[in-house]
């Protein structure tokens, strides 16, 4: 039985609005084919670093449907759900309300067989969704902006191809799923309570049982450890978990992991080489400069950097936070 939203999409989705385009089939060629105006916006307590882009997130649910609560994993979305994420560069990062260049909008659509997604790229001179077109093969966009310190920055921003969706979103057992809509990521300010009260999220336990959401870049949000772990959770744990793509590494960076060894403390790498930078352990307490973790998150070389996808640049603030956490860890390695 088709959901109400899908029936609307069938009427609106197509090539130039002339041919119907089934949202449960191939992706529409034009972003404007999708009625995205009634989407519910949301934000994450700590966003994934994506080369200093600004991201606007929203979700569209089928009429009468909701996201089902799960304590740790992503909320369960019904068939017909569309998740929207738009990436932009501010002209000047010192002016968040100022001009921006919109780069791409990524859609994830929950179909009968699971999630499928792709990116829609904007022409350089337009921020209008009507001009955004499907980029199955991805794209590379030359970008520039004024950074928070007043310096001029450039980046060859990479729009992922359709097949690369799975490389990040296959968080568990190589099954594509959402990453951001989790209780701990949405629990920022009153946002999660508002989503629950509005019926967007159902099945939530009492509020006192909700996991805390720490904002990595906000010193008032939590301790250095809590914020560093939040940064590692959002940036690394979609691969580095017990069921993830990097599970054979034995390095698990999920927020709930409390085992020092699988967090990387005094843990030798599974395979040495350029990725280890000649360092002996993932984390050496009190010595970030001797730790493989800092070496990899501060690298921009494709065969060394972590995460592997989604960035060309170093998250200077995130790297400094992880360094500060490692620097205050007690103990020593053999």
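Each value in this text was obtained by applying a stated rule to the coordinates, not by laboratory testing. Since the structure is predicted, the reported quantities are computational estimates derived from the model, not experimental observations. Cβ coordinates were reconstructed from backbone atoms using ideal geometry, including for glycine residues, and neighbour counts include every protein chain displayed.
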Burial ordering of 263, 186, fewest other beta-carbon atoms within 10 Å first: 263, 186
Computed label-point distance, nm, for sites residue 317 and residue 242 using a 7 Å Cα→Cβ extension: 3.4 nm
Label-point separation, residue 328 to residue 156 (7 Å along Cα→Cβ), nm: 3.9 nm
Distance-filtered residues of region 279-294 - backbone nitrogen under 13 Å, label point 7 angstrom along residue 148 Cα→Cβ: none
Packing-based exposure ordering (other Cβ within 10 Å, fewest first) of 165, 239, 28: 165, 239, 28
For region 270-333: rounded, prolate or oblate by the Cα gyration tensor [a/c cutoff 1.5]: oblate
Cβ-derived FRET efficiency at R0 30 Å, residue 193 paired with residue 94, nearest 0.05: 0.40
Shape call, region 1-213: gyration tensor on alpha carbons, a/c limit 1.5: oblate
Fewest-first sequence of 162, 85 by Cβ atoms within 10 Å of each Cβ: 162, 85
Rounded FRET efficiency, nearest 0.05, which uses the C-beta distance separating residue 136 from residue 73 and R0 of 35 Å: 0.75
Three-way shape label, region 216-334, alpha-carbon gyration tensor, a/c 1.5: rounded
Length released on extending from residue 308 to residue 208, taking residue separation times 0.36 nm less the Cα-Cα span: 32.4 nm
Modelled FRET efficiency - R0 41 Å, residue 38 with residue 289, Cβ distances, 0.05 increments: 0.25
